[in-house]
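This report concerns only the one structure given below.
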There are 2 protein chains.
Amino acid sequence: MKNQMQAEAAGTAIAGHGLDWPHLFATRAERMKASEIRELLKLLDQPDVMSFAGGIPDPALFPVAAFGTALTAALSGDSKGAALQYSVSDGYRPLRDWLVTRMASLGVPCTTDNIMITSGSQQALDYLGKLFLSKDDTALVGWPTYLGALQAFNAYEPNYDRLTPLGNRSAADYSHTAETKGGKVKFAYASADFANPTGETLPRSARENILDLAHELDIAVIEDAAYQSLRYDGDEVPPMLALDIARTGSIEATRTVYCGSFSKTLAPGLRVGWVCAAKPVISKLVLMKQAGDLHSATLNQMAIHTVASDGFEAQMAKIRQTYRARRDAMLAALAKHMPDGVSWTRPDGGMYIWLTLPEGFDGAALLAQSLKTERVAFVPGRAFFADGSGANTLRLSFSCASEATIEEGIKRLGRVVRGG
Amino acid sequence: MKNQMQAEAAGTAIAGHGLDWPHLFATRAERMKASEIRELLKLLDQPDVMSFAGGIPDPALFPVAAFGTALTAALSGDSKGAALQYSVSDGYRPLRDWLVTRMASLGVPCTTDNIMITSGSQQALDYLGKLFLSKDDTALVGWPTYLGALQAFNAYEPNYDRLTPLGNRSAADYSHTAETKGGKVKFAYASADFANPTGETLPRSARENILDLAHELDIAVIEDAAYQSLRYDGDEVPPMLALDIARTGSIEATRTVYCGSFSKTLAPGLRVGWVCAAKPVISKLVLMKQAGDLHSATLNQMAIHTVASDGFEAQMAKIRQTYRARRDAMLAALAKHMPDGVSWTRPDGGMYIWLTLPEGFDGAALLAQSLKTERVAFVPGRAFFADGSGANTLRLSFSCASEATIEEGIKRLGRVVRGG
């Protein structure tokens, strides 16, 4: 009995009490860990918690009626069988055609063969990790960066090195570092606009620097454009893919893979995103999609196409107005309630504001305290750093809270920070 | 100019004419090849081709009205925001609860925590390959087996060894073979009922043999149950997962991972399937799902739940009746029109009949001939063999053709075979 208890305590298997699964799993399984953010999402179910944690759109802004009409239409007439049937792995052609026009409006001339549909941009990140990363290869990412990108890439057992958009490291230095870790640098990943988690936008010069570095290293660039449409102030900065085309003359000569999403604009629950890139990349991704889940849901692609065709810009105008006011409310509340020594970003769009607390603060401990005494939730920043730094940072999302909640919640958070 | 043409002919990159992408791709990308079946699906668009190629359900049998009602309900009232919002990675809880009852009816007592939702069972196969297979590990598969399983597993760079349900090879022999290839045997994969491509069902004794072998090797069993509900004759055989529970006393002590799908019963275009297994497997798969695409489409899971709850058995009765008549028509036509020396399976369910032609026949050449002279399509069998054998085999699907088309098409195919 003592031996059995010891074995159980050590996590090993007992005959009749379950297999020793970890010894059967691939080595990559060791890097699959629970997401702090996802665990936190459970807090949203508690009605007395003021949550600035989840990076989710406000469901009150979803074009529900338009989707209802679109779904009913898809299940009527000639399309009703096709809407529920298997379909091609590259995606619903009318939606891909619509995206050609959309990409052109962003300065990216391309053809339908440069576009494939994915189940959200998260799937694009997973598939791009799968396409580029052999074990021990290196991915360049920001410090901090989107946690979901790290989770997607982790499955392919890469190393990470820090992408510094200011270009203060040489290509040779990056290459050498990757070689000492047993692989090659394969891509630079960056969220260009109103990034998760910082809310910051890469200026044109930083985008050009990343392209320069990628050219010198002869690697790909993965441009995560999930928030690209959510601009509330200032002028648009061309996507890195557009800048790459401006350099090379054609999308077929570029090294940039653009990942778009309808999750932050129309609705995340339908899981529709896209990739736009040179055809050799799209061709391989389509084979991967075929082997991975055959295709994204047919009906959902049809519904997204109808709703986007009928009123994408009107929907964007609506959500921009709401989110702009919430961002302004949060910036004003931070200025009012945060003590000296706390700094934060001032995003031109997106859903996030990033706080940096004085050294010595620990975001996770602050969250525990905040939930206990003030019932306010946010995401501690450390999870967004591939090297585990950033303990004194935290992410606030303003997308789902009313202006009154933002004022009250930030006031409470200010008390927690003062108390910490 | 000559050099450039030579380089282009060799598939290498020219400055300004696109990157040398293959040198940037991971090693696994070399194993991602276009699917013969998917290429063939394009033929379905040609109205004068009689196709027995695609393994797809008849869209005329989809419960379109029920889905319309379910989708409208999901987008009304309290659920309308949630239906379009992000949701949890393990899946929509009411659907998982419904599946607990469904699995119990198949002899698999389990809890909601033993079930996760995937985007079709294809995604389950991809994720299970990802969970178990490190490079050079071995997967045991049938000769032939489901092509989509090979495609899913290929991304993780495994070796394949032949699973012989009759148990004529020792566990030590399998282990030794895997070790000489640089890895370990990780799982045995089998489609237990009306398998794609053969239509054959593993008898209980073969299932027990696979479980015995898996126990001796201490590996997992992946049970692909995509066609399990499509039985037209004979008695149900318990799922391998049920037999495993009967041996071990609890799903938590089993080694079998059951992959189910609504694609062949309700509708494939919504991409909803599930995995049922011990909790340690489900927990890791949920983390993988979170990193891979966050979750399957929320609305689709809600709609599948409503349609399944309201009339799964009635829908099954309808499609069984139709497919049974088509299977009978195809078996009768084969008996009438195939020359001596051709043999075929007599499936108790599913969508497929598997033909074996005399040695020396080549299925791919026969298809080319058949399309040219008789406008009849099928799938040459070789793609289903991990070792590239099986040239003299072919797969016929009876799911999408009327009885009259089946009679005429098999008559034509008989002429092609006689001519070959």
In terms of the charge dipole of chain A, which places +1 on Lys and Arg and -1 on Asp and Glu at the beta carbon, the residue among A:VAL108, A:THR356, A:ALA65 farthest towards the positive end is A:ALA65
Charge dipole (debye, nearest 20) of the range A:64-311; +1 at Cβ of Lys and Arg, -1 at Cβ of Asp and Glu:
440 debye
Dipole of the range A:138-233, positive end: most advanced residue of A:LEU230, A:GLN151, A:ALA195 [Cβ charges, Cα centre]:
A:GLN151
Per residue, how big is the convex hull of the protein assembly as shown when only Cα atoms are used? Give it in Å³.
178 Å³
Using alpha-carbon positions, the gyration tensor of the range B:136-231 gives root eigenvalues a ≥ b ≥ c; with a/c under 1.5 called rounded, otherwise prolate if a/b exceeds b/c, else oblate, the class is oblate
Along Cα→Cβ at 7 Å, what distances in nm separate the B:SER105 label point from those on the other copies, shortest first?
4.8
Antiparallel bridge percentage (DSSP; both residues within the protein assembly as shown; nearest 5):
50 percent
Give the whole-number value, in cubic angstrom per residue, of the convex hull volume spanned by the C-alpha atoms of the range A:196-252.
102 Å³
Whole-angstrom gap from the range A:347-420 to the range B:112-161, using each part's C-alpha centre
41 Å
Which net charge results when you count Lys and Arg as +1 and Asp and Glu as -1 among the other residues whose beta-carbon is under 15 Å from that of B:PRO347?
+1
Per-copy distances of the A:SER309 label point, shortest first, in nm (7 angstrom along Cα→Cβ):
3.3
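Among B:ARG96, B:ARG412, which comes first, then next, by fewest other beta-carbon atoms within 10 Å?
Least crowded to most crowded, the residues run B:ARG412, B:ARG96.
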Taking max minus min of the Cα coordinates of the range B:64-311 on each principal axis, largest first, gives extents in Å of 60, 41, 33
Is the C-alpha gyration tensor of the range A:337-396 telling us rounded, prolate or oblate? Criteria: a/c under 1.5 is rounded; beyond that, a/b larger than b/c is prolate, otherwise oblate.
rounded
For the range B:64-311, what is the relative contact order in percent, using Cα pairs closer than 8 Å and at least 6 residues apart in sequence?
29 percent
Going through B:LYS186/B:LYS318; A:LYS184/B:LYS130; A:LYS135/B:LYS264; A:LYS181/A:LYS284; A:LYS279/B:LYS279 one by one, the pairs whose alpha carbons sit over 32 Å apart turn out to be B:LYS186/B:LYS318; A:LYS135/B:LYS264; A:LYS279/B:LYS279
Of A:GLN85, A:VAL257, A:TRP98, farthest towards positive along the dipole that unit charges on Lys, Arg, Asp, Glu beta carbons give the range A:64-311
A:GLN85
Under the rule a/c < 1.5 gives rounded, and otherwise a/b versus b/c splits prolate from oblate, where does the range B:248-315 land using the Cα gyration tensor?
oblate
Under the 7 Å Cα-to-Cβ spin-label approximation, B:SER402 and A:ALA325 lie apart by a distance in nanometres of 5.9 nm
Enumerate the lysines that B:LYS336 could reach by cross-link, defined here as Cα to Cα under 20 Å, with residues fewer than 8 away along the same chain left out.
B:LYS411
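Evaluate the relative contact order of chain B (contact order divided by residue number), counting alpha-carbon pairs under 8 angstrom at least 6 apart; express in whole percent.
Values: 756 pairs, mean separation 91.2, N = 420.
So the answer I get is 22 percent.
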Quick one: Debye curve from the C-alpha atoms of chain B, no solvent, what's log10 I(q)/I(0) at q = 0.07, 0.09, 0.10 Å⁻¹?
-0.36, -0.61, -0.75
Just want the ordering: B:ILE353, A:ILE282, from fewest to most Cβ atoms lying within 10 Å of their own Cβ.
A:ILE282, B:ILE353
What aspartates and glutamates sit close enough to B:LYS33 to cross-link, taking a C-alpha to C-alpha distance under 16 Å and skipping anything fewer than 8 places away on the same chain?
A:ASP90, A:ASP293, B:ASP126, B:GLU157, B:ASP387
Hits in the range B:218-240: amide N under 13 Å from the 7 Å Cα→Cβ extension of B:ARG204, namely B:235-240
Any idea what the B:PRO203 label distances to the other copies are, label 7 Å down the Cα→Cβ vector, nm, shortest first?
7.7
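For chain A, what is the charge dipole size about the Cα centre, in debye to the nearest 20, if Lys and Arg each add +1 at the Cβ and Asp and Glu each add -1 at the Cβ?
Values: 42 positive and 45 negative charges, 108 e Å.
Around 520 debye, computed over chain A.
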P(r) of the range A:224-338 in 10 Å steps, Cα pairs, percent per bin?
11, 31, 33, 18, 6, 0
Relative to the Cα centre, what is the charge dipole magnitude of the protein assembly as shown, using +1 at the beta carbon of each Lys and Arg, -1 at the beta carbon of each Asp and Glu, and rounding to the nearest 20 debye?
560 debye
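Read-outs throughout are calculated quantities, based only on the coordinates presented, and are distinct from any laboratory measurement. This one's a predicted model, so the numbers in the text were calculated from it and none came from an experiment. Every residue, glycine among them, receives a Cβ derived from its backbone with ideal geometry; neighbour counts consider all protein chains shown.
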